[in-house]
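Accompanying notes for the structure given below.
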Amino acid sequence: MNTVLVTGATGTVGSALIPALQARGAAVRAMTRGRSVDGAETVVADLQDPAAVASALKGVDAVFLNSPSAPDAAELQIQFANLARDAGVSRFVLLSQYAARADSPVRFLRWHAEVEAHVEKIGLDYTVLRPNLYLQALRSFSATIAQGFFAAPIGDAAVSAIDTRDISDAAAAVLTSGGHTGRTYTLTGPRAVTHSQIAEALSAATGRDIAFHDAPAEQFAAALTGFLPPWQVEGLIEDYAHYARGEAAEVHTAVADLTGHPARDVTDFARDYAADFAA
Ligand SMILES: NC(=O)c1ccc[n+]([C@@H]2O[C@H](COP(=O)([O-])OP(=O)(O)OC[C@H]3O[C@@H](n4cnc5c(N)ncnc54)[C@H](OP(=O)(O)O)[C@@H]3O)[C@@H](O)[C@H]2O)c1
C-alpha cells in the first residue's frame, strides 16, 4: 500500500483529502503542527522546521503540499520540495492557484508561480493543481451573511469558483493513479457564477434573503483592516481586482476528468453548507 503524506491536513482541502485517499486504498500520514487527526497516522512538523519535515517525509511514496498564503509561503514550499526530492518521494502534488503567473499583479499568484517553477526543475515526479476561488472561502463572510448580506469589490464579474471537496477528490485521484507526471490541472466549478448568483443560491438554501453588495476596494480593505495583517488585506484586494477583471471565469473539465463525477455546483455547496450561513 502506498503511503501519502498530507500537509495542511487540518485545512479545508487537506481534511477532506484524507478520507478520499483512504477510500482509494492509500495509507495516509497527516502532517500537522500539533493536532492529531482522527483515523490517520499523525506526524507533527512545522514547515519552518526542516529537520521535522525531513523526518515526516521518511518512507512516504507520495506527498500533497499545501500551506497557507503567507509572505514566506514560497520559501517554505521550496524548502519542502527540496526535502521531498532528497527523501526520494516518487510523486509530488502541489496545490497552487488558478492563473498562477510570475508576472501576475496578484502577489499570491506570483508566490505560487515561483514554487511551480522550482518544482518543475528539481527532478521530482510532480503534478500541479490550480484551483480557482474556493466556495468554502465564502464562510469568511458568514458574520454579515447572518445579517442578510455580503460585500466584495467584484461587481457582476463571474468566477468559476470551486467546491473544495472537488479539489480533495481530484488530488486523491492524482496521488493514487498514473499518467499525471508534469501535468498542470486547472480546477474549477462547472460554471462561472457572479456573486449575485451565489447570493441567490445561499438565499434558496437557507430560506432567507441574502443580498450581494458590490463594494469599493477601499471599503472592503477598511472592513478587513485590524482583523488581517496588511499583506493579506492587500493580497485579497489584488485577488478581487483579478476576479473583477473577469480573469477567473474559464470553466475547465479537469475535476470531472480526474474524479469521474461532475464538479459540484454552487447550489450543491449552498445546500450542504446552509447551516454555516444561518441568521
Ligand atoms: N481560499 C481560496 O479561495 C484559494 C483559492 C485557490 C488556492 N488557494 C490556496 O490554498 C492554500 C491554502 O489556503 P487556505 O487559506 O485554504 O488554508 P487551509 O489549507 O485551510 O489551512 C492551512 C493549513 O496549513 C497548515 N499550516 C499553517 N501554517 C503551517 C506551517 N508553518 N507549517 C505546517 N503547516 C502549516 C494549517 O495547519 P494548523 O492546523 O497547524 O494551523 C492548515 O492545515 C493557499 O496556498 C492558497 O493560496 C486558496
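Assorted remarks:
- The listed residues are 241, 205, 211, 217, and the only one of them that is within 20 Å of the chain's Cα centre (by Cα) and either under 22 Å from residue 158 (Cβ atoms) or of a type in the set (Lys, Arg) (or both) turns out to be 241.
- Some residue of segment 145-160 being of a type outside the set (Ser, Thr, Tyr), part of a strand (DSSP E or B) and surrounded by fewer than 19 Cβ atoms within 10 Å (Cβ to Cβ): yes
- Filter result for residue 264 (touching a helix residue (DSSP H, G or I) at 6+ places or on another chain (Cβ under 9 Å), in a loop (DSSP other than H, G, I, E, B), of a type in the set (D, E, K, R) and at pLDDT 95 or above): yes
- Residue satisfying condition, being within 16 Å of the ligand (Cβ to nearest atom) and assigned to a helix (DSSP H, G or I), within set 222, 249, 205, 172: 172
- Matching residues, segment 68-82, being within 13 Å of the ligand (Cβ to nearest atom) and either crowded, with 23+ Cβ neighbours inside 10 Å or over 21 Å from residue 164 (Cα atoms) (or both): 71, 72, 74, 75, 76, 77, 79, 80
- Restricting attention to segment 16-58, the residues that are of a type in the set (S, T, N, Q), more than 7 Å from the ligand (Cβ to nearest atom) and in contact (Cβ under 8 Å) with a residue 24 or more places away in the chain total 1.
- Among the residues of segment 220-237, those identified as touching a residue at least 60 places away in the same chain (Cβ under 8 Å), out of contact with any helix residue (DSSP H, G or I) (no Cβ under 6 Å at 6 or more places or on another chain) and not aliphatic (A, V, I, L, M) are 220, 231, 232, 234.
- Pairs where the first residue, in segment 116-134, is within 16 Å of the ligand (Cβ to nearest atom) and the second is part of a loop (DSSP other than H, G, I, E, B) and of a type in the set (Lys, Arg), C-beta under 8 Å, 6+ apart: 127/183; 128/183
- Every test in (1) crowded, with 20+ Cβ neighbours inside 10 Å; (2) over 30 Å from residue 1 (Cα atoms) is passed by residue 187 save one, and that test is (2).
- The condition of being more than 11 Å from the ligand (Cβ to nearest atom), assigned to a helix (DSSP H, G or I), under 21 Å from the mean Cα position of the chain (by Cα) and basic (Lys, Arg) holds for only one of 101, 85, 110, that being 110.
- Some residue of segment 254-262 being of a type in the set (Asp, Glu) and either within 17 Å of the chain's Cα centre (by Cα) or buried (at least 16 other Cβ atoms within 10 Å of the Cβ) (or both): no
The values are calculated or read from the model by the stated rules, or taken from the named source; none is laboratory data. The structure displayed is predicted, hence computed values, not measured ones. A quick note on method: Cβ atoms are made from the backbone with ideal geometry, for glycine too, and the neighbour counts reach across all protein chains shown.
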